[in-house]
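**Student:** Pasting a structure here, questions to come.
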Protein chains: 2
Amino acid sequence: METYNIAVVGTGAVGQELLNVLAERNFPVGDLKLLATERSAGKEVEFKGKKYVIEETKPESFKGVDIALFAGGSASVEFAHHAVAAGAVVIDNGSAFRLDPKVPLIVPEVNPDAVKNHQGIIANPNCSTIQMVAALAPIHKNATIKRIVVSTYQAVSGAGAEAIDELMEQSQQCLNNNSVEKNVFPKQIAFNMLPHIDIFLENNYTKEEMKMVNETKKILNDQSIQITATAVRVPVVTGHSEAINIETVNKITRKDAIEILQQTPGIIVIDDPSNIQYPMPIDVKGKDEVFVGRIREDESIEKGLNLWVVADNLRKGAATNAVQIAELLIQK
Amino acid sequence: METYNIAVVGTGAVGQELLNVLAERNFPVGDLKLLATERSAGKEVEFKGKKYVIEETKPESFKGVDIALFAGGSASVEFAHHAVAAGAVVIDNGSAFRLDPKVPLIVPEVNPDAVKNHQGIIANPNCSTIQMVAALAPIHKNATIKRIVVSTYQAVSGAGAEAIDELMEQSQQCLNNNSVEKNVFPKQIAFNMLPHIDIFLENNYTKEEMKMVNETKKILNDQSIQITATAVRVPVVTGHSEAINIETVNKITRKDAIEILQQTPGIIVIDDPSNIQYPMPIDVKGKDEVFVGRIREDESIEKGLNLWVVADNLRKGAATNAVQIAELLIQK
């Protein structure tokens, strides 16, 4: 079997999940390089029973690498072009290249063919975008979506492993009636909600909200879809939830939507109100699929639908999607 | 000073808050009767430094009562008509009478004049409706709202004092890696989200969602406003949050909306992205106002706006609004 030399850049929450997913999906990994900042260099990490020592990422780190998976943050801004120059294909979970017209932005179930147009860098979309687009693309294909209004309920793990620790520590501090310490988030996240993810932009939206707007249009290859988003951080460890309202050109019933979604690979419909069944963050941890429920015709307009979409933000929202892109690459 | 004999029916989270608000606002309370189910009868509760013994609610409990404040649940279904027959005016925080055409449904800042039409029973709206209508009514007056898409983030205290205990206990169980015990909510609420408040109806919406639709139309006295809602329970103790998207007949800018809301009694605008200021549940506890922030023109339609609205669901969402209705009554 042909194998591919892989570099994973970043060893935090998403980096670890990339290794898990590569192993679980039996990706044909040849040599494996674990790269990170100086702070993490020297630490040992296990992959398929073998120990690897994390190296500091340097411009020359990518010699002999076939696919470089960047876990996120700003590492790709500094090193992606070095990786490409060394002959690697970069799959970047960071946001820097996503809207670059030369860079494909891919959800494999939605626009797999875009992989053919890469010029060395392929972008993995934002976590909240991936699960929304995965759920909406089959509906868009059938009924043509005109407008999306989305409100998110995003887990802290999207902000990294330290954010998980902060939620746990603050929760214990609250339960003990102690004062709460803040390091990762600008406000207390335990037993609270922050309508604030990523930085605020000039139009008063956050960067997270505008990612959902702009990335969705690019992935669906349709600039006419109108989107507005409110992104909210919630005291959940893993699993982003989204309340999505859509207006369509053609009428789509609850029954139609359920049938279409049930036939879509990568989507699991959990929608049984009479048995109190709907998707929830605690049930999606470790899962690669996007879970859809609470499907209801919107009675406020002629052709509209409400959906509740939940996925593991570290898996389908990051690592799984990136490895699926790598799988597309090696199929070619 | 004229005083009024008051009965408070229900001594849970909302009942206790009714006593707090009556005391804080110096409502001219004459005799005070605390009524509850047999289970709570005999317990002592303090009001303004004096102890009162809870009595079991009976048809004959309302003799001499001027105003009977029902905290919620089904007590009013059984006893409201007895209270009215005894000469009391009922202010009911339960949902049974809200859509009855003979029963005014009041948010005092929005439709105070409706109090004049009561026939013995006045309904307090649902918590999630009150804060939405309070924030939207001044915008509706200025720009005429055509459609509302709302997603809620509702605190557990809306489900009573036992629900608060359950969130605290489950959170500790999770932090200790113990299994989680469920009594109040059908699913784990700690570190989780339930897109499920109140029962499911035939149209696949929950009763909570349809309350927001139907009560809003009644309070604004405008059946033409189109509304769709998704109601979600979140692991927050107190303070409901709402991501609200509106479409208006006339264009309203962010600047206009801020000015209008700043001039509205009972509304506090917290909207300063550059200084990371926005409303959050932990900041509204014990407050009587409705807090509005994240005000943004919706770029997906010509005339639309997004808002983030937070209020203490036990205060403005229940007790404060009920006592404000009582204040309207005695002004008459």
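The values are calculated or read from the model by the stated rules, or taken from the named source; none is laboratory data. As the structure is a computational prediction, the values presented were derived from the model and not from experiment. As a convention, Cβ positions derive from the backbone with ideal geometry for all residues, glycine included, and neighbour counts pool all protein chains shown. SASA here: full protein model, heavy atoms, side chains in, ligands and nucleic acids out. Shrake-Rupley method; radii C 1.70, N 1.55, O 1.52, S 1.80 Å.
**Student:** Please average, across the residues of B:182-189, the number of beta carbons from any other chain that are within 10 Å of each residue's own beta carbon, and give a whole number.
**Tutor:** 2
**Student:** Take every Cα-Cα pair in the protein assembly as shown and report what % of them are more than 43 Å apart.
**Tutor:** 27
**Student:** OK, next. Note the angle between two axes, namely the Cα long axis of helix B:320-331 and the longest principal axis of the Cα atoms of chain B, as a number of degrees from 0 to 90, rounded to the nearest 10.
**Tutor:** The helix B:320-331 is inclined about 70 degrees to chain B.
**Student:** If you restrict to DSSP beta bridges whose two residues both lie in the protein assembly as shown, what percentage is antiparallel, to the nearest 5?
**Tutor:** 50
**Student:** Once Lys and Arg get +1 and Asp and Glu get -1 on their Cβ, which of A:Gln172, A:Leu201, A:Ile258 lies farthest toward the positive end of the dipole of chain A?
**Tutor:** A:Ile258
**Student:** Of B:His118, B:His240, A:His81, which has the most accessible area with a 1.4 Å probe, and how do the rest follow in descending order?
**Tutor:** I get A:His81, B:His118, B:His240, largest accessible area first.
**Student:** Got the relative contact order for segment B:174-332 handy, in percent, Cα pairs under 8 Å and 6 or more residues apart?
**Tutor:** 20
**Student:** Further question on the same structure: Per residue, how large is the accessible surface of the protein assembly as shown? Use a 1.4 angstrom probe and give square angstrom.
**Tutor:** 39
**Student:** Cα gyration tensor of chain B, axes a ≥ b ≥ c as square roots of the eigenvalues: rounded (a/c below 1.5), prolate (a/b > b/c) or oblate?
**Tutor:** Oblate.
**Student:** Additional query: For chain B, what's the relative contact order in percent, using C-alpha pairs closer than 8 Å and at least 6 residues apart?
**Tutor:** That works out to 18 percent.
**Student:** Next question, about the same structure. For segment A:282-332, what Kirkwood radius comes out of the mean inverse Cα-Cα distance, in Å?
**Tutor:** About 12.9 Å for segment A:282-332.
**Student:** How many percent of the alpha carbon pairs in segment A:208-272 exceed a separation of 16 Å?
**Tutor:** 64
**Student:** Label-to-label distances across copies for A:Glu24, with labels 7 Å out along Cα→Cβ, in nm, shortest first?
**Tutor:** With the label placed 7 Å along Cα→Cβ, A:Glu24 yields 4.7 nm.
**Student:** Which residues, if any, in segment A:150-179 have at least 50 Å² less accessible area in the whole protein complex than in the isolated chain, probe 1.4 Å?
**Tutor:** Output list: A:Tyr153, A:Leu175.
**Student:** Ok, one more. Can you give me the distance in nm between label points at A:Asn203 and B:Glu327, each placed 7 Å from the Cα along the Cα-to-Cβ direction?
**Tutor:** A separation of 4.1 nm, rounded to one decimal place.
**Student:** Extension gain A:Glu38-A:Gln172, at 0.36 nm per residue separation less the Cα-Cα distance, in nm?
**Tutor:** 45.1 nm
**Student:** Go through A:Val133, A:Gly94, A:Ala114 and say which Cα lies farthest out towards the positive end of the charge dipole of segment A:28-149; charges sit on Cβ, +1 for Lys and Arg, -1 for Asp and Glu.
**Tutor:** A:Val133
**Student:** Rounded, prolate or oblate: which fits segment B:137-284, taking a ≥ b ≥ c as square roots of the Cα gyration tensor eigenvalues, rounded meaning a/c under 1.5, else prolate when a/b beats b/c?
**Tutor:** oblate
**Student:** So, one more: State the residue of chain B whose Cβ is nearest the axis carrying B onto A, and the distance in whole angstrom.
**Tutor:** B:Ser151, 2
**Student:** A further question follows. Direction-averaged shadow area of the convex hull around the Cα atoms of segment A:54-99, nm²?
**Tutor:** Computed as one quarter of the Cα hull surface, the answer is 3.0 nm².
**Student:** Once you average over the residues of A:228-240, how many Cβ atoms of partner chains fall within 10 Å of each Cβ?
**Tutor:** Shielding by partners across A:228-240 averages 5.
**Student:** Here's another thing I want to ask about it. Sequence neighbours fewer than 8 away in the same chain don't count; with that in mind, list the lysines whose C-alpha is under 30 Å from A:Lys58.
**Tutor:** A:Lys33, A:Lys43, A:Lys48, A:Lys50, A:Lys102, A:Lys116, A:Lys207, A:Lys211, A:Lys316, A:Lys332
**Student:** Also: Assuming 1.306 mPa s and 10 °C, estimate D for segment A:1-63 with Stokes-Einstein, Rh taken as the Kirkwood radius over Cα pairs, in µm²/s.
**Tutor:** The Stokes-Einstein estimate is 133 µm²/s.
**Student:** Report the charge-dipole magnitude of segment B:1-105 in Debye, nearest 20, computed about the Cα centre from +1 at each Lys and Arg Cβ and -1 at each Asp and Glu Cβ.
**Tutor:** Roughly 60 debye, rounded to the nearest 20.
**Student:** State to the nearest 20 debye the size of the charge dipole of segment B:77-124 about its Cα centre, where the only charges are +1 on K and R beta carbons and -1 on D and E beta carbons.
**Tutor:** Using Cβ point charges on Lys, Arg, Asp and Glu, segment B:77-124 gives about 100 debye.
**Student:** Which angle between 0 and 90 degrees, to the nearest 10, do you get for helix A:13-24 versus the longest principal axis of chain A when only C-alpha atoms count?
**Tutor:** Value to nearest ten degrees: 90.
**Student:** To the nearest 10 Å², what's B:Tyr4's accessible area with a 1.4 Å probe?
**Tutor:** The accessible area of B:Tyr4 comes to roughly 40 Å².
**Student:** Further question on the same structure: For chain A, modelled as a GNM with alpha-carbon contacts under 10 angstrom, which of A:Ala155, A:Ala135, A:Ala23 fluctuates the most?
**Tutor:** Of the options given, A:Ala23 has the highest mean-square fluctuation.
**Student:** Kirkwood Rh over alpha-carbon pairs of segment A:1-120, then Stokes-Einstein at 10 °C and 1.306 mPa s: what D in µm² s⁻¹, rounded to an integer?
**Tutor:** This corresponds to a translational diffusion coefficient of 108 µm²/s.
**Student:** Over all pairs of distinct alpha carbons, what does the Kirkwood formula give as the hydrodynamic radius of segment B:164-213, in Å?
**Tutor:** The Cα-based Kirkwood calculation yields 12.2 Å.
**Student:** Per the helix-only calculation at 222 nm, which mean residue ellipticity applies to chain B, given -39500 (n - 2.57) for every DSSP H run of n ≥ 4 and division by its residues, nearest 500 deg cm²/dmol?
**Tutor:** After summing the helix terms and dividing by the residues of chain B, the value is -8500 deg cm²/dmol.
**Student:** Express as a percent, rounded to the nearest 5, the fraction of DSSP beta bridges in segment B:1-74 (both residues included) that run antiparallel.
**Tutor:** Around 25 percent of the beta bridges assigned by DSSP in segment B:1-74 are antiparallel ones.
**Student:** Bin by bin, in steps of 10 Å, what percent of the Cα pairs in segment A:66-217 do you find, going until the bin that has the longest distance?
**Tutor:** Distribution as computed: 10, 32, 31, 20, 7, 1 percent.
**Student:** Shifting gears a bit: Can you compute the FRET efficiency between B:Lys63 and B:Asp100 using 1/(1 + (r/R0)^6), with r the Cβ-Cβ distance and R0 = 30 Å? Round to the nearest 0.05.
**Tutor:** According to the calculation, E is roughly 0.75.
**Student:** How big is the A/B interface in buried accessible area, both sides summed, 1.4 Å probe, to the nearest 100 Å²?
**Tutor:** Summing both chains' loss of accessible area gives about 5200 Å².
**Student:** According to a simple spin-label model (label point 7 Å from Cα along Cα-to-Cβ), what is the distance in nm between B:Val249 and A:Asp272?
**Tutor:** A separation of 4.7 nm, rounded to one decimal place.
**Student:** Hey, what did segment B:145-244 get for relative contact order, percent, Cα under 8 Å, at least 6 apart?
**Tutor:** 49
**Student:** Ok, one more. Let me check the size of segment A:247-332 from its C-alpha atoms; what are the radius of gyration and Dmax in Å?
**Tutor:** Gyration radius and largest Cα-Cα distance of segment A:247-332: 15.1, 46 Å.
**Student:** Ok, one more. Only four residue types carry charge here, +1 at the Cβ of Lys and Arg and -1 at the Cβ of Asp and Glu. Report the dipole size of the protein assembly as shown about the Cα centre in Debye, rounded to the nearest 20.
**Tutor:** Dipole about the Cα centre, nearest 20: 720 debye.
**Student:** Would you mind classifying segment A:138-194 by shape? Square roots of the alpha carbon gyration tensor eigenvalues, ordered a ≥ b ≥ c; an a/c under 1.5 is rounded, otherwise it is prolate if a/b is larger than b/c and oblate if not.
**Tutor:** Taking the square roots of the gyration eigenvalues as a ≥ b ≥ c, segment A:138-194 is prolate.
**Student:** Tell me the angle of helix A:75-85 to the major Cα principal axis of chain A, expressed in degrees between 0 and 90 and rounded to the nearest ten.
**Tutor:** 60
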